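This report concerns only the one structure given below.
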Amino acid sequence: MHIAVTGNIGAGKTTLTTMLAKHYGWDAQFEDVDHNPYLEDFYADMSKWSFALQIYFLGSRFRQVKEIRESGKNIIQDRTIYEDAHIFAENLNDMKLLSDRDFNNYVSVFGLMKSFVSAPDLLIYLKSDVPNLVKKIYKRGREYEASISIEYLSKLNQKYEKWISGYTEGKLLVIEVDDLDFVEKPEDFGFILEKIEAELNGLF
Ligand SMILES: Nc1ncnc2c1ncn2[C@@H]1O[C@H](COP(=O)(O)OP(=O)(O)O)[C@@H](O)[C@H]1O
Ligand SMILES: Nc1ncnc2c1ncn2[C@H]1C[C@H](O)[C@@H](COP(=O)(O)O)O1
């Protein structure tokens with residue numbers, strides 16, 4: 001079983017991935033954030049570092065895809081390779097922070113990788129509005145993320161909505177998280193578990 005949690009920056013993916021892995025006893029795969037050699041520089045100068053960061057995330061996410069294919073274990077994954085291409089790289093190109101030449105180069109490499117990528121058995125989209133994302137990013141307190149603008153988060157949210165509305169690769173569960181506190185309220189976490197189990201009926 002392969003489940004992936006998707007959503008904008010600060011939506012709660014890492015928190016939910018951790019809680020689900022613990023609850024079901026599954027392996028968790030997290031994003032390469034703390035040891036990422038480009039992320040801090042990227043937020044200081046997006047135009048300069050966008051291509052290097054995209055290539056780094058693409059490689060690290062592809063490594064995860066390979067591990068998921070080879071492990072045969074139940075895995076819950078924090079963010080997918082689709083988001084790097086369809087959300088982040090595309091948005092940076094729209095914002096002219098990634099040149100057409102670099103974006104086309106990226107898309108061509110991503111196209112080659114895509115044939116090796118299997119969609120998760122279930123994709124869980126954590127939907128959140130921009131003010132709530134801002135609050136959660138602030139609560140998390142990574143210094144280099146202080147420069148993230150409302151405009152950047154809004155554009156990413158628009159990309160997520162477009163991508164999710166056309167997602168047909170596998171089962172999809174959309175959870176509106178703004179009125180849920182699955183960290184502090186066991187009943188809210190229980191609500192999410194019920195939804196997941198209803199979607200995966202028969203696969204458990
Ligand atoms: N539903 C929630 N209710 C309250 N706090 C939350 C919720 N989801 C996430 N948080 C908090 O918001 C911050 C960002 O969450 P995180 O899981 O790191 O988001 P992401 O991985 O999507 O960027 C963390 O401090 C986390 O504890
Ligand atoms: N592909 C990406 N391009 C730019 N930035 C990215 C990409 N993937 C992740 N990120 C950033 C966004 C956050 O600052 C950190 C961690 O993501 P999060 O949504 O907080 O788990 O990496």
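In what order do Ser108, Ser50 fall by count of nearby beta-carbon atoms within 10 Å, going from fewest to most?
Ser108, Ser50
Amide H neighbours of Lys171 under 5 Å, counting only residues 5+ apart in sequence or on other chains, H built in-plane at 1.01 Å?
Residues meeting the amide H criterion: Leu123.
Would you kindly derive the ³J(HN,Hα) couplings of region 120-125 from the backbone phi angles with the Karplus curve 6.51 cos²θ - 1.76 cosθ + 1.60 (θ = phi - 60°), listing them in order in whole Hz, with x for Gly and Pro?
Once rounded to whole Hz, the list reads x, 5, 9, 10, 9, 9.
Largest first, please: the extent of the C-alpha atoms of region 2-195 along each principal axis, to the nearest Å.
Over region 2-195, Cα extents along the principal axes are 48, 38, 32 Å.
Every read-out reported here was derived from the displayed coordinates using simple, explicitly stated rules and does not represent laboratory data. Please read these numbers as outputs of a predicted model, since none were measured by experiment. Backbone-built Cβ (ideal geometry, glycine too); neighbour counts: all protein chains shown.
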